[in-house]
Amino acid sequence: MDTIFALATAPGKAGLGVVRVSGPRSDDACDALAGARPEYRRASLRRLYGAQGDVLDEALVLRFEAGKSFTGEDVVEFHLHGSVAIIQAVLRRLGALEGFRMAEPGEFTRRALENGRMDLTQVEALADLIDSETEAQRRQALDLLSGALSARVGRWREATLRAVSLLEATIDFADEDVPVDVSPEVRALLTEVVQGIEAELTGLDAAERVRTGFQVAIVGPPNAGKSTLLNYLAGREAAITSEVAGTTRDVIEVRMDLGGLAVTLLDTAGLRETEDAVERIGVQRARDRAEAADLRVHLVADGMATDMQPLPGDVVLRAKADLTGGEGVSGKTGQGVPALVEAVKDRLMTKAGEAGLASRERHRLALQAGATHLHAAIGLLDNGPDLYELTSEEVRLALRRLEALLGHVDVEQILGEIFSSFCVGK
């Protein structure tokens, strides 16, 4: 196996640059560049030398032994001054060593998966942690990275294995008198797992929204102040505003952090009947996006109505309160905006509170397939020992789905897609 290396910190000029080396010849990098190997897990100050004996940098060197490193292999890290020239010189020096090559995107993390240091849900969590923009996303990613979902799936796996073992024992002794009927215990085990899976599926949509961001659509008739309100919330001129009705023709998106949640605000075209072909397309897009959004803010204007009825939980406010007086919201003066923000935040926090641990479509498909096979197995139990072989096969299929969720089987086709999203140094 090749020994791989890469810059593990962001490229470009910085105060610090970390070059990571992983593989069977990692210690050779210490010998070649630092001249001596420091003790494991002890940062040591060393001068790094080029092939001609010239000094490349004075750096901290860290060594990690196989089985106790991020990748599970021997690992060496060079903590360099963050000069582009220094980093490039060290990378060139490593590339000239026999058996060394530059790591591919995500290759360090892939080796951690292959060496049992992480499972697939933790790999996905690491990618989410790197991409996290809000506090909620950070907490969610850390929960998954700590193995919370892995532990839950592990308990389901143990229960299904127990059920399989009971069924197989009965099948193996089919020609003998077996005094114990295993079906009650098998049914109890499988029912418990199914209930757990279905509870996890219930919270998956909310968890996915925490990970990818909630969508809040601002809807209402033309010239109700939707774009003005969006600009006020965004703190910039994100949308064109005009007194001319129908100015907004397409959906305009602004992403923001709202109470630790990632939220995309959608400014939609005014909802009305129109003969303008382009505006009609915009109105239809507005309806589609608004219906698919997690929450809608309806701006109600006197004398102007739309046929889009508020759904339970939507926020309904009188538009242009600076002109009409009384309660409502105004994107020009900011009147009512704090109350609007709190109302939206409270509703989204409630939705986020329903989130489970599973948060991806891949998780959904694996869990749904597993639950389907377990339901089939429970149904077959009613037919008694004569169909235990079919029952056992259904449980085994469910077990494979759970193992695939963790990356233990049948995942080769999705690994490339997952790891391609990583930077080279991960």
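Just to check your reading of the model, which residue among E291, E237, E275 is modelled with pLDDT of 75 or more and surrounded by fewer than 16 Cβ atoms within 10 Å (Cβ to Cβ)?
Working: E237 fails: modelled with pLDDT of 75 or more; E275 fails: modelled with pLDDT of 75 or more.
None of the others qualify; the one that does is E291.
When you go through A6, A51 one by one, which is the residue that is at pLDDT 95 or above and hydrophobic (A, V, I, L, M, F, W, C)?
When all the criteria are applied, what remains is A6.
Can you run down the residue pairs with Cβ atoms below 8 Å, 6 or more apart or on separate chains, where the first is in region 156-170 and under 12 Å from E394 (Cα atoms) and the partner is surrounded by fewer than 20 Cβ atoms within 10 Å (Cβ to Cβ) and of a type in the set (V, I, T)?
L167/V182
How many residues are closer than 18 Å to A151 by Cβ and either assigned to a loop (DSSP other than H, G, I, E, B) or open to solvent by 10 Å² or more (accessible area, probe 1.4 Å) (or both) when one looks only at region 113-123? Even if it seems obvious, please write down each step before you answer.
Let us first name the residues in region 113-123 that are closer than 18 Å to A151 by Cβ, namely 113, 116-123.
This time we only want the ones that are either assigned to a loop (DSSP other than H, G, I, E, B) or open to solvent by 10 Å² or more (accessible area, probe 1.4 Å) (or both), so: 113, 116-119, 122.
Adding up the residues that qualify gives 6.
Scan region 62-85 residue by residue and report those that are in a loop (DSSP other than H, G, I, E, B) and within 10 Å of L16 (Cα to Cα). So that I can check it myself, show each step before the final result.
Going through region 62-85, the residues in a loop (DSSP other than H, G, I, E, B) turn out to be 65-74, 82-83.
Answer for region 62-85, where residues must be in a loop (DSSP other than H, G, I, E, B) and within 10 Å of L16 (Cα to Cα): G82, S83.
Mind counting the residues in region 363-383 that are in contact with a Leu (Cβ under 8 Å, 6 or more places away or on another chain) and of a type outside the set (A, V, I, L, M)?
Of the residues in region 363-383, 5 are in contact with a Leu (Cβ under 8 Å, 6 or more places away or on another chain) and of a type outside the set (A, V, I, L, M).
Please verify whether Q284 is at pLDDT 65 or above, polar (S, T, N, Q) and in a loop (DSSP other than H, G, I, E, B), treating the condition exactly as stated.
When the stated conditions are applied, Q284 does not pass them.
Specify the residue that is farthest from A59 (Cα to Cα); the eligible residues are those in region 1-34 that are open to solvent by 60 Å² or more (accessible area, probe 1.4 Å), in a loop (DSSP other than H, G, I, E, B) and in contact with a strand residue (DSSP E or B) (Cβ under 7 Å, 6 or more places away or on another chain).
Going through the qualifying residues, I end up with D2.
Would you confirm whether any residue within region 102-112 is assigned to a helix (DSSP H, G or I), without any contact (Cβ under 8 Å) to a residue 24 or more places away in the chain and open to solvent by 50 Å² or more (accessible area, probe 1.4 Å)?
Scanning region 102-112 turns up no residue that is assigned to a helix (DSSP H, G or I), without any contact (Cβ under 8 Å) to a residue 24 or more places away in the chain and open to solvent by 50 Å² or more (accessible area, probe 1.4 Å).
Among the residues in region 246-253, are any among the basic types (K, R) and either open to solvent by less than 40 Å² (accessible area, probe 1.4 Å) or at pLDDT below 60 (or both)?
Taking every residue of region 246-253 in turn, at least one turns out to be among the basic types (K, R) and either open to solvent by less than 40 Å² (accessible area, probe 1.4 Å) or at pLDDT below 60 (or both).
Run R211 past the list (1) touching a residue at least 40 places away in the same chain (Cβ under 8 Å); (2) outside any helix (DSSP H, G or I) and report the number of the one that doesn't hold.
Unmet for R211, out of (1) touching a residue at least 40 places away in the same chain (Cβ under 8 Å); (2) outside any helix (DSSP H, G or I): (2).
Restricting attention to helices (runs of 4 or more DSSP H) lying wholly within region 318-410, give those where 2 or more residues are open to solvent by less than 20 Å² (accessible area, probe 1.4 Å).
Output list reads 337-352, 361-381, 388-406.
Given the conditions (1) touching a residue at least 40 places away in the same chain (Cβ under 8 Å); (2) within 30 Å of L48 (Cβ to Cβ), report the number of the one that R152 does not fulfil.
Single failed check for R152: (2).
The values are calculated or read from the model by the stated rules, or taken from the named source; none is laboratory data. For clarity, every value in this text was computed on a predicted model and none was experimentally measured. Every residue, glycine as well, gets a Cβ built from its backbone with ideal geometry; the counts of neighbours run over all protein chains shown. Areas reflect the complete protein model, heavy atoms only, side chains present, ligands, DNA and RNA absent. Shrake-Rupley method; radii C 1.70, N 1.55, O 1.52, S 1.80 Å.
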